[in-house]
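These notes concern the structure reproduced below.
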Amino acid sequence: MVRVRVDERILELSNLEKVLYPDTGLTKGEVLDYYARIAPALLPHLAGRPVTRRRWPDGVGGQTFYEKNTPRGTPAWVRTVLVPSPGSTKGTEELRYPLVESPATLIWLANLAALELHVPQWRVDAEGRIRPPDRLVFDLDPGPPATLVECCRIALLLRDRLLEDGLQT
């Protein structure tokens, strides 16, 4: 266990030598370092959006699970929001999601091996009310028969078409 200061928070980080990406040997400590370095670029895309996490406690070669509700032991300083989730597998109509709005929260989640962060296309306001959608996402994943180059070509065509409609990409 290693104690570190992130912002004004003290975090206890564990298993820093655990390999999370077996093909490259990338460790949890290296993933935490990466998250810390990209926080300034990533946080604006997460701010105000409830975060569903995909976690790999034993690395990407092991079992994975999605987590919506904030887990037990969530620090009191992590901002959360109650969001309607009809038909939830938890048998409730609302779930409490974390909001990732600081480097400390981002590192806390990375320490839980939350390697994927999924957000909706809408934000919540200061009181936790859902706002109207404010962005559109095109998920262009390569895979047979499309290559990465073809996905890039489609992205450029989408950009040009959206610009014709006055939409900034």
Conditions (1) loosely packed, with under 11 Cβ neighbours inside 10 Å; (2) part of a helix (DSSP H, G or I); number of the one not met by A36: (1)
Test: residue in region 41-57 that is loosely packed, with under 15 Cβ neighbours inside 10 Å and touching a strand residue (DSSP E or B) at 6+ places or on another chain (Cβ under 7 Å): yes
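Kindly evaluate R159 against the criterion of being touching a residue at least 40 places away in the same chain (Cβ under 8 Å) and under 22 Å from A41 (Cα atoms).
Details: touching a residue at least 40 places away in the same chain (Cβ under 8 Å): no; under 22 Å from A41 (Cα atoms): yes.
In short, no.
Quick check on my filter: what residues within region 1-33 are assigned to a helix (DSSP H, G or I) and either farther than 12 Å from N111 by Cα or in contact with a helix residue (DSSP H, G or I) (Cβ under 7 Å, 6 or more places away or on another chain) (or both)?
Here is the first cut: in region 1-33, the ones assigned to a helix (DSSP H, G or I) are 28-33.
V31, L32 - these are the residues of region 1-33 that are assigned to a helix (DSSP H, G or I) and either farther than 12 Å from N111 by Cα or in contact with a helix residue (DSSP H, G or I) (Cβ under 7 Å, 6 or more places away or on another chain) (or both).
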All strands (runs of 3 or more DSSP E) inside region 67-169 with 3 or more residues being surrounded by 12 or more Cβ atoms within 10 Å (Cβ to Cβ) and of a type in the set (A, V, I, L, M, F, W, C): 80-84, 114-118
Of all residues in region 1-28 being surrounded by 15 or more Cβ atoms within 10 Å (Cβ to Cβ) and among the β-branched types (V, I, T), the one that is nearest to V78 (Cα to Cα): V6
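Readers should treat all values here as calculations from the given coordinates under stated rules, not as data from a laboratory. Model, not experiment: these values are computed from the prediction. Glycine also receives a Cβ, built like all others from the backbone with ideal geometry; neighbour counts cover every protein chain displayed.
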